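What follows is calculated from the coordinates using simple rules that are stated; it is not laboratory data. What you see is a predicted model; the values in this text were computed from it and never measured. So basically every Cβ, Gly included, is an ideal-geometry build from the backbone, and we count neighbours across all protein chains shown.
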Amino acid sequence: MKSSTLSILFAGLLLTGAAHAGAADHVHASHAWIRVLPGALPAGAYVTLRNDGDQAVALSGASSTVYAEVMLHRSSTAGGMSRMTMVDALSVPAHGEAVLAPAGYHLMLMQANATVKPGDTVRLTLNFTDGSTLATDFLARPANAMDAGDDHSGH
Amino acid sequence: MKLRRAFLPALLLVAGLLLGGCRHDELPFRLTNISGHMPDLDFKLTDDHGKAVTGADYRGKVALLYFGYTHCPDVCPLTLAQLHVVMQRLGPLADGARILFVSVDPARDTPAVMHAYVNAFDPRAVGLTGDPRATEALSKRYRSAFTREPGSADGSYEVSHSSAIYVFDRDGKARVLATPSASHDDLVHDLHLLLDTGATP
């Protein structure tokens, strides 16, 4: 009786695991922050993604209950001109990292339905191309912040 | 004897270079020196208090001119944040400098929007906007360019813009050009040269 209950539980756990297994299981997010701009201006979100898995994974975007629209973008400078382009996916290599940082890849957060102030934490759900997701807390930082503020290497 | 003969002209040359280096128009800049290659600071725009201003209003200040727009979530705020760090490193000297952030998107960047924006970065930043012809004329003056990218269905659009920072001395003369990737050390160094030169009128 007891062992069959356990095995049912175990089977259930396995199923639960299978339902959620995906790229996101091997990805760890760190240095997650948002540069907050005044008023209703779009904000940039940055994060470092580490993939401990044996397979490359790809970030396709993010969603949030706070921002109606989130887009994966890349800033680039060529010939003295800055521009932004939309990106379909950003690969995180197996046992490697992908960095979303100022002047490069970033998530553009638009149409906030609440005021986000420096010091707030905003949860973004990172979406991967295989359909798996990773809920990540981003720290809202002042407009003139240089980085996530969680280390001093940027100085 | 032979050595001494060779040494003396070399010494004179070094001394000459040092003297030359002290002249106002030959400052030893680390950034790209554009002295004499770009027109003086001159424009007719509206500041972030809604006041009509011209380039002449900033004579007496070292001006850092940068083109951007507020709906730019990544590079523009990064550049302004970097300029804020540079201003902080200058300490009290920074009061002799102004960051002039010129909008290349005057349709959306009203003086009120610009005011909230620039003040989020640095108290010595000024937001300048104006009619599209005026901002376009200013950007053309510095051989800068910007183009509006095709808009999306919801009416949003992106603006490509020159990423350079043009630095003018207290007399409104163009002196150095910095790219956003320029090191803070080099910017601080060159601004020191300009801010240490001559007293504020």
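Across the range B:126-133, rounded Karplus estimates of 3J(HN,Hα) from the backbone phi angles (6.51 cos²θ - 1.76 cosθ + 1.60, θ = phi - 60°) give 10, x, 10, 9, x, 6, x, 5 Hz, Gly and Pro being marked x. Each other residue within a Cβ distance under 15 Å of A:Ser132 adds +1 if Lys or Arg and -1 if Asp or Glu, for a net charge of -3. All other residues whose Cβ lies under 11 angstrom from that of A:His28 are scored, Lys and Arg at +1 and Asp and Glu at -1, for a net of -2.
Here B:His37 and A:Ser30 are evaluated by their C-beta separation; at R0 = 41 Å the FRET efficiency comes out at 0.35.
In a simple Cβ point-charge model (Lys, Arg +1; Asp, Glu -1; nothing else charged), the range B:28-196 has a dipole of about 400 debye relative to its Cα centre. Once backbone amide H atoms are built at 1.01 Å from N, B:Ala97 has B:Val62 as its partners under 5 Å, excluding neighbours fewer than 5 places away on the same chain.
Averaging the Cα positions of each part gives two centres, and for the range A:57-99 and the range B:27-85 these lie 29 Å apart. Averaged over peptide A:29-40, the number of partner chain Cβ atoms lying within 10 Å of each residue's Cβ comes to 3.
The local environment of B:Leu78, defined by Cβ-Cβ distances under 11 Å, has a net charge of -1 under the rule Lys, Arg +1 and Asp, Glu -1.
The fewest-to-most ranking of B:Arg133, A:Arg74 by surrounding Cβ atoms within 10 Å reads B:Arg133, A:Arg74.
The phi-based Karplus calculation (6.51 cos²θ - 1.76 cosθ + 1.60; θ = phi - 60°) puts the 3J(HN,Hα) values of the range A:79-95 at x, x, 10, 9, 8, 10, 10, 7, 10, 6, 7, 10, 6, 10, x, 4, 6 Hz, whole numbers, x for Gly and Pro. With each label modelled as a point 7 angstrom along the Cα→C-beta vector, the A:Ala56-A:Ser76 pair spans 1.7 nm.
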